[in-house]
1. Using a 10 Å cut-off on Cβ atoms, rank the peptides 54-63, 152-161, 116-125 from the highest mean neighbour count down.
2. Distance in nm between label sites at ASP40 and ILE117, each 7 Å beyond Cα in the beta-carbon direction?
3. Take GLU125 and SER65, extend 7 Å from each Cα along the Cα→Cβ direction, and tell me the distance between the two endpoints in nm.
4. Considering only the other residues whose Cβ falls under 9 Å of the Cβ of GLY90, what net charge follows from Lys and Arg at +1 and Asp and Glu at -1?
5. Taking the Cβ of SER141 as the centre, find all other residues whose Cβ is under 13 Å away and add up their charges (Lys, Arg: +1; Asp, Glu: -1).
6. Multiplying the sequence separation of SER155 and VAL100 by 0.36 nm and subtracting their Cα-Cα distance, what value in nm do you get?
7. When the convex hull of the C-alpha atoms of region 97-168 is computed, what volume per residue in Å³ does it have?
Amino acid sequence: MKTLFGIVISLLVLWVSIIPSDALAASSASVTSNNTSFEDKKLIGENFTGHSLQEAQFTNVDLSSTNFSGVNLIGSVFNGALLEKSNLHGADLSYAISYVSSFNHANLTDAILVGSILKRTTFAEADITGADFTDASLDQSELKRLCKVASGVNSKTGISTKDSLECS
């Protein structure tokens with residue numbers, strides 16, 4: 001019986017490796033689940049509350065004073081985005097990517113940033129009370145700055161901000 005099973009598996013593997021499959025090429029914008037992409041726009045003061053922007057892309061976008069309170073931004077990309085004074089209270093930015101972006105003076109209270117990559121991104125004077133940065137990747141200078149002001153516990157994950165940043 002084991003021999004027959006082994007032969008069947010071997011034939012399946014051989015068949016799959018011989019039969020050609022079509023190659024698909026895609027841009028980064030076309031692989032997002034909702035294909036929501038904002039590029040080179042000024043969306044100052046927009047209200048996205050109640051929207052799901054999972055895997056959305058924001059490239060060179062001015063999102064100053066924008067309301068993302070409670071919004072699903074899981075896996076979203078912020079590249080060269082300006083989110084100064086934006087409200088991200090309770091927003092879920094898990095596994096998001098932010099590069100050369102600014103969250104200065106933003107409200108990130110109770111936000112979830114688990115597993116996010118936040119490189120060359122600034123958080124000067126941002127309110128991070130209760131934010132969860134577990135397994136997030138930040139520049140050392142920003143990590144030090146955030147550890148100085150970290151406080152609170154995230155209401156959804158139960159993780160303290162200081163613990164999530166691994167502040168010493």
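1. So the peptides 54-63, 152-161, 116-125, ranked by packing, come out 54-63, 116-125, 152-161.
2. Output for this residue pair reads 2.5 nm.
3. With each label point 7 Å from Cα toward Cβ, the separation is 1.5 nm.
4. -1
5. Summing Lys/Arg as +1 and Asp/Glu as -1 gives +3.
6. Separation in residues times 0.36 nm, less the Cα-Cα distance, equals 16.9 nm.
7. 68
Readers should treat all values here as calculations from the given coordinates under stated rules, not as data from a laboratory. Only a predicted model underlies this, so the values are computations on that prediction, with no experimental measurement involved. Glycine also receives a Cβ, built like all others from the backbone with ideal geometry; neighbour counts cover every protein chain displayed.
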